[in-house]
Every structure is written in structure tokens, then in C-alpha cells.
Amino acid sequence: RPGWHIEDTAITEKYFGPQYDIHGGGEDLKFPHHEAEIAQQESASGKKPFVKYWMHVGFLVNKGEKMSKSLGNFQTANELLKKYPKEVLRFYLLSGHYRSPLQFSEETLKQSEGGVQRLREFLARLEKVDSLDFHDAIESMLLSAKSHYNLYMEEDFNTQGAMGALFSLLKEVYPRLDTRTIGKENAKNIIDFLNEVNQTLGIIPKEYKEPPKEILELVNKRQKFKTEKNWDEADKIRAQIEEMGYEVEDTIYGPIVTKP
């Protein structure tokens, strides 16, 4: 049954040749679309396999339904880029395994925005470290994070697990930035790792406008009260931050600070 699937086979043979490495597409295209392509090209060329790696992606799910043009429950990338930086959309798409369904909502995009800001803030703080001390414990944390990150990426491009390894490192190192128990060389090694990750994933923006020091101090103070479950004091600090012209919003990756 070649049907209109013959178009794809002809196009890929012209530009890629009879065999190539990666073919993507939605999981709903496995049959008959991709099976037809395999049958056509392998029959025409006599070479196997037609494609080495098939990467079939799960659906985006909006309020329990597959996002699709026919249902009208979708937004285009261009529309979303008017509201969010490209790094936020990448972070969102990489936050789940590509073969699994991914929930779409403003809330999930806001959580992704928090993750992006947290990583950029982490990088900015590492760049300011000037201590000449060197801490073996931090190097062990970094080696463990690198190992887990690479294992996940080699496990069928498991970006969800890889980003988990990244944020585990952030959670381990961040307190040392507050207590200044991290050396310049430690910081540089972590920065090198973050830059290497970013070359692949593209989730850390180059530009970062850090909130004023007094705002960051209030945010940290509020986090401390939240950890202690002192909600009244935490709410008072939120109000104080808002009076100073900033907003603080909690995400699963930590608080994000914005200026309305």
C-alpha cells in the first residue's frame, strides 16, 4: 500500500540516500506511514536497515485530549515564543521522555520557566566565586552528576532523567554558595559541565538580569521560613517583595523572581 507515503521515500532517498541514521515522527505514524516507507525503500534499494533509529514521540496532551489541529486545542511555537523565551519551550519539551505523553498547560510552562531561571541564576552565582579553596566533596558531586547525566542520555535519549541529575547537582551545591564553602576551581569545573550540557540541550539563556541583592536576600529568607513551615512570616516577606516592585513565584525547581 504505497499510497501517498511514496513521497517521503522519494524525498529521503534523494537527499539522504537509501539509508540514514534518525527518523522522527509521532507515535501514531508507525503504521501505516513508517512501515510503508520501510517496505518501499528496502525493496527499492535492497539495503537494510532503511533507518537505524526510529524516534517516535508521545502526544502533547491538553486537558486530557491529544493536542491537534482538528480539535483546535493547540498553540503554535510562534505563538508561545511571544510569551516565553525559546529556552523555556525547550526545557518544557525535554522535561519528559520523548516517547511519553506530555501534559500541556500554562502551569507546566511556568514551571519550566522556573527551571530555566534557576539554572541561569546558578550559573551566575558560580561565576562570582573567588575563593582559592578546593573541595574534594564538590568534585565528587560533579563526577556523580556527570556520570548519571551521561547514562540517562545514552538510555534512549532520556532527557527527563538527565535533567534530574542536573538539578540534583544544583541542590547539592547551592547551599555551599550560600555558605561560601566552594572554591573557584570547583565552580569553574561545574560551569564547564553546564556549558557542555547547554551545547546539547540549549536550556540556559546567555542573558540574565539578576534581581537586586536585597530582593534575593528576602527570597532566601522567605525560603527559610517556608522550610520551617512558618507561613505567616513567609507571606509577610512576599508582600514586602511585592511592595518593592517584584514578584516571587514558587515552582518545583525553586522560587522565581520577576519584575512585572
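Taking the options Leu89, Leu71, name whichever one is in contact with a Leu (Cβ under 7 Å, 6 or more places away or on another chain) and either open to solvent by 30 Å² or more (accessible area, probe 1.4 Å) or outside any loop (DSSP other than H, G, I, E, B) (or both).
Criteria check complete, one pass: Leu89.
Yes or no: Arg90 farther than 30 Å from Glu207 by Cβ, of a type in the set (D, E, K, R) and in contact (Cβ under 8 Å) with a residue 24 or more places away in the chain? Spelling it out, it is not the case that Arg90 is farther than 30 Å from Glu207 by Cβ, of a type in the set (D, E, K, R) and in contact (Cβ under 8 Å) with a residue 24 or more places away in the chain. Of Leu166, Leu170, Leu143, all but one fail to be open to solvent by less than 20 Å² (accessible area, probe 1.4 Å), hydrophobic (A, V, I, L, M, F, W, C) and more than 27 Å from Pro260 (Cβ to Cβ); the exception is Leu166.
Figure legend. Inter-residue proximity from the stretch 38-52: first residues surrounded by 12 or more Cβ atoms within 10 Å (Cβ to Cβ), second residues of a type in the set (Lys, Arg), beta-carbon distance below 8 Å, spacing 6+ or different chains. Indicated pairs: Glu42/Lys48. Among the residues of the stretch 161-179, are any farther than 26 Å from Tyr92 by Cβ, at pLDDT 95 or above and of a type in the set (S, T, N, Q)? No, there is no match, as no residue in the stretch 161-179 is farther than 26 Å from Tyr92 by Cβ, at pLDDT 95 or above and of a type in the set (S, T, N, Q). Taking (1) surrounded by 12 or more Cβ atoms within 10 Å (Cβ to Cβ); (2) within 30 Å of Gln117 (Cβ to Cβ); (3) over 16 Å from the mean Cα position of the chain (by Cα); (4) without any contact (Cβ under 8 Å) to a residue 24 or more places away in the chain in turn, Gly64 satisfies each apart from (1).
The values are calculated or read from the model by the stated rules, or taken from the named source; none is laboratory data. Bear in mind that the values here come from a model prediction, so they are computed numbers and not experimental data. Please note: Cβ atoms are built from the backbone with ideal geometry, for glycine as well, and neighbour counts cover all protein chains shown. Side chains are part of the model used for accessible areas, which takes the heavy atoms of the whole protein and leaves out ligands, DNA and RNA. Shrake-Rupley method; radii C 1.70, N 1.55, O 1.52, S 1.80 Å.
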